[in-house]
1. Once both labels are modelled 7 Å past Cα along the beta-carbon direction, what's the R200-R57 spacing in nm?
2. What FRET efficiency would be calculated for the residue pair F192, R127, taking the C-beta separation as r and a Förster radius of 41 Å, to the nearest 0.05?
3. Give me Y159, Y59 ranked fewest to most by other Cβ atoms within 10 Å of their Cβ, as a rough exposure proxy.
4. Suppose R0 equals 30 Å; then what is the FRET efficiency for Q236 and D116 from their Cβ-Cβ distance, rounded to the nearest 0.05?
5. Note down the relative contact order for the chain as a percent, whole number, built from C-alpha pairs under 8 angstrom at least six residues apart.
6. What's the local net charge at R223, with K and R +1, D and E -1, over the other residues with C-beta under 15 Å away?
7. Any idea what the dipole of the range 17-249 comes to, in debye rounded to 20, about its Cα centre with Lys/Arg Cβ at +1 and Asp/Glu Cβ at -1?
8. Give me the net charge for the shell around F21: Cβ to Cβ below 14 angstrom, other residues only, Lys and Arg +1, Asp and Glu -1.
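Here, each number is a calculation from the coordinates, and none is a lab measurement. Since we're looking at a predicted model, the values are computed, not measured. Positions of Cβ are backbone-derived with ideal geometry, glycine not excepted, and every protein chain shown enters the neighbour counts.
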Amino acid sequence: MSGTAKRQWGKTEITGGRHAFRIGMIVRELQARVPAGAAVLDAGCGSGSLTMALSDRGYAMTAVDVSSPGLDRLKRKLAAAGGSGVRLFQASLTALPFPDAGFDAAVSGEVLEHLDDDAAGAAELYRVLRPGGPCFVTVPAFRRQFSVQDEWAGHKRRYNREGLQRLMEGVGFATEKVHYWGWPMGYIYDRFFFIPWLKRKLAGGQTEIDATASLGASPFAIRLVSLAFSFDRLFQGLPFGIGLFGLFRK
C-alpha cells in the first residue's frame, strides 16, 4: 500500500451515509450536554458539514482547518445559506490561533489520526477549552483495519479505546465516555463495498473522489444508508467497529 496516491483535502466534498451518521452522532451527544448559544470550536472542520449542522442548531461556531480549499468551500456554503456568523481560521490543530480557555466546547471529527504529533493536537484542544468544557472526538478504530482507505486519506494511525484514552488523559482530560461505532453495518459497508470501490477508482488514476457524485447517490439514498448505520447503535458497547467516539472533559 505504500504507493497509494493520497487525496488533497478540501478539493471534494465529503458526503455519504456513513459521514451523515457520524455527524449526527456528534451533534446528538453535544446537544445533550451543551446549551444552544455556547461557543463551540470545530477543530479540523474540513468542508464544514459539522460546523453547519451545529450553527443551524444555534451554537456560536468557530471553524479551523489547515486546508484552504476546504475553508473556501465552507465559505461558499455559508454565503449560500445567508451567512451565520461562523468564524473561520486557517491553522493546524497543533497550533490553534486562540487564547486559553476561550471555548465552551470543542469537536474534532476524524482529525487526530492525520497529525504527526497527535498529543500536540490533543493538548491544544485542552488549552482552548474552559474548565469543565467537553471535547467530542471521533477517530478510526483498530490498527489491524488499516487499509488502502487510510493511505489514501493520509491517516498516520488508527486507535483502540485504551490508546485514545491515554492520548487524551495524557494532556489533562478526564474521560467521560468512549465507545466504538460502526458494527456490524459500518464494517460490512467498508470492507465489502467502499474499500473495493475505492481500489477500483485509484487503479483508474483518480485520487479526488466524490463518492456521492460517482455513485449517483441522492439525499434520500444517503438518508437510507445513515438509517442503516443507526442499527449499529445497538452494539456500541462491543469492542468492534470502524471508528471510536470519545467524550472528554477539561
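1. 3.6
2. 0.50
3. Y159, Y59
4. Efficiency at R0 = 30 Å is approximately 0.50.
5. 25
6. +2
7. Charge dipole, the range 17-249, about its Cα centre: 540 debye, nearest 20.
8. +1
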